[in-house]
Amino acid sequence: MPQPHNAARPPPHALLLVAPGCPHCATVLDGLAALVKEGTLGRVEVVNIAVEPEAARELNVRSVPWTRIGPFELAGLHSPEELRHWSALAGRDEGMTEYLADLLATGRRAQVAGRVRREPGLIARLADLIGDSDSELSVRIGVMATLEELQDEGLLTGQATWFMPLTGHADPRVRADACHALTLTGGAEALDTLRRCADDPDPVVRETAADGIDLLSRTKT
């Protein structure tokens, strides 16, 4: 029998957007309702966008079912197990990191970039993904592509602090990725950290740091 949500942390709420003729909306609604009954969710708000289209416009939703559980936005059909998974992670520190990793691993990088634009504090979660040696290659590539996009928009200024500690990581892949991320953030702190990485024992890290030093040095002059 499913256990009720941890009493120390209030159960999250869910929002579900539906529309007439949607073949999967009832399945998601049934799954969410079951989570409310067992106490994993506190409540579910259901909005029929055919009746209240402004809800879809405000959330930039183009298809249903569309679900929000706590901070997690889930498009399309999701099984009861998936809904329970995200409900359990809502409110946990590691939850958003896992959510962003899932988006990147499944080719939804644009959604990640859009979310970080709205919530720049999530750059710290992207740093968490770089710092995790177990992050899939697709996730690592997605993080870097996202950071490059944000850098073009000037959103990485002052964000070096999240990546600096990663240059001391045991995994050279993490150190190299951190050097590249620091190059994108720019600034004196990033340049000083890259200079300390110039003598790294790993040749890829040294090369990445050297490239960053060259670029940031030229930018300063």
Here are some residues: GLU207, GLU189. Which one is surrounded by fewer than 22 Cβ atoms within 10 Å (Cβ to Cβ) and closer than 16 Å to MET144 by Cβ?
GLU207
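Condition test on PRO10, is it at pLDDT below 95 and in contact with a helix residue (DSSP H, G or I) (Cβ under 6 Å, 6 or more places away or on another chain)?
Numbers: at pLDDT below 95: yes; in contact with a helix residue (DSSP H, G or I) (Cβ under 6 Å, 6 or more places away or on another chain): no.
The answer is no for PRO10.
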Filter the range 164-186 for residues that are closer than 20 Å to LEU104 by Cβ and assigned to a loop (DSSP other than H, G, I, E, B); the one that is least open to solvent (accessible area, probe 1.4 Å) is ASP171
Against the definition (charged (D, E, K, R), within 19 Å of GLN111 (Cα to Cα) and more than 22 Å from the chain's Cα centre (by Cα)), how does ARG62 come out, yes or no?
no
Which ones in the range 57-75 are farther than 16 Å from ARG115 by Cα and touching a Phe, Trp or Tyr at 6+ places or on another chain (Cβ under 8 Å)?
none
In the range 95-114, anything of a type in the set (D, E, K, R) and touching a residue at least 24 places away in the same chain (Cβ under 8 Å) is listed as ARG109
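Yes or no: the range 10-33 includes at least one residue that is in contact with a strand residue (DSSP E or B) (Cβ under 7 Å, 6 or more places away or on another chain), outside any helix (DSSP H, G or I) and β-branched (Val, Ile, Thr). So that I can check it myself, show each step before the final result.
Of the residues in the range 10-33, the ones in contact with a strand residue (DSSP E or B) (Cβ under 7 Å, 6 or more places away or on another chain) are 12-19, 25, 28-29, 32-33.
Applying the additional criterion that residues be outside any helix (DSSP H, G or I) yields 12-19.
Next, only the ones that are β-branched (Val, Ile, Thr) stay: 18.
The answer is yes; a qualifying residue exists.
State all residues of the range 39-60 that are of a type in the set (A, V, I, L, M), assigned to a loop (DSSP other than H, G, I, E, B) and touching a helix residue (DSSP H, G or I) at 6+ places or on another chain (Cβ under 8 Å); if no residue qualifies, say none.
LEU41, ILE49, listed by residue number.
Filter the range 210-220 for residues that are surrounded by 14 or more Cβ atoms within 10 Å (Cβ to Cβ) and of a type outside the set (A, V, I, L, M); which is nearest to the chain's Cα centre (by Cα)? Even if it seems obvious, please write down each step before you answer.
Quick first cut of the range 210-220, residues surrounded by 14 or more Cβ atoms within 10 Å (Cβ to Cβ) only: 210-213, 215-216.
Going one step further and asking which of them are of a type outside the set (A, V, I, L, M), we end up with 211-212.
Working: ASP211: 27, GLY212: 25 Å.
Selected residue: GLY212.
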Before we move on, is ARG195 assigned to a helix (DSSP H, G or I), under 30 Å from ALA110 (Cβ atoms), modelled with pLDDT of 95 or more and open to solvent by 50 Å² or more (accessible area, probe 1.4 Å)?
no
Top-ranked residue of the range 24-49 - restricted to ones that are small (Gly, Ala, Ser) and within 22 Å of SER63 (Cβ to Cβ), ranked as surrounded by the fewest Cβ atoms within 10 Å (Cβ to Cβ):
ALA26
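The values are calculated or read from the model by the stated rules, or taken from the named source; none is laboratory data. These numbers were taken from a predicted model, which means no experiment stands behind them. Quick reminder, even Gly has a Cβ in these numbers, built from the backbone with ideal geometry, and neighbours come from all protein chains shown. Each accessible area value is taken on the protein alone, full model and side chains, heavy atoms only, with ligands, DNA and RNA left out. Shrake-Rupley method; radii C 1.70, N 1.55, O 1.52, S 1.80 Å.
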